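Read the structure below first, then the notes.
The values are calculated or read from the model by the stated rules, or taken from the named source; none is laboratory data. Nothing here was measured: the structure is a model prediction, and the numbers come from that model. In this analysis, Cβ positions are derived from the backbone assuming ideal geometry, glycine residues included, and neighbour counts consider all displayed protein chains.
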Amino acid sequence: MFPLEVTHQNVATQSIFDHLHSKLSIPFAQACYTMLEQYQKMYKVAYNIPYPPIHDPCPIFYLLHPQEFEVHKCWIVVDTCEASYGRTNVFFESPMHPGVTEGKEQYVAMNLRNEKVKFWE
């Protein structure tokens, strides 16, 4: 699982925009630049965040470079109670908690290491 606390560490900064802009003759770089421009506009308007965090590529990056993430073994349980339906609960010890009847040992990303170097390379 990749929570927002981790994916928000992976930000397309101005230097990333500048680098991609310098490579617009490469179709992939142009596509990335155009996509990131749209994300940037949305994040500025919706959240007043100047540079967009990049969420979805993090799990793919993990598959390619697992050493770049700090991960912890945990139990992840999706709440099915009416009041908190759909909430994801993470337990770092076996969930001996009232109301938790199922769960599966999984891994949760806690930190992206050296994100400004490897990911954008």
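Some notes on this structure:
- Residues in region 38-92 that are of a type in the set (D, E, K, R) and either under 22 Å from residue 106 (Cβ atoms) or modelled with pLDDT under 90 (or both): 56, 68, 70, 73, 79, 82, 87.
- Only one of the numbered conditions (1) closer than 26 Å to residue 70 by Cβ; (2) aliphatic (A, V, I, L, M); (3) modelled with pLDDT of 90 or more is not met by residue 1, and that is (3).
- Residue list for region 47-61, filter: assigned to a loop (DSSP other than H, G, I, E, B) and within 10 Å of the chain's Cα centre (by Cα): 54, 55, 56
- When restricted to residues that are part of a helix (DSSP H, G or I) and either within 20 Å of residue 121 (Cα to Cα) or of a type in the set (Phe, Trp, Tyr) (or both), region 1-20 contains 9.
- Residue 23 being of a type in the set (Lys, Arg) and part of a loop (DSSP other than H, G, I, E, B): yes
- Applying the condition of being under 23 Å from the mean Cα position of the chain (by Cα) and not acidic (Asp, Glu) to region 15-30 and asking which residue is surrounded by the most Cβ atoms within 10 Å (Cβ to Cβ) yields 20.
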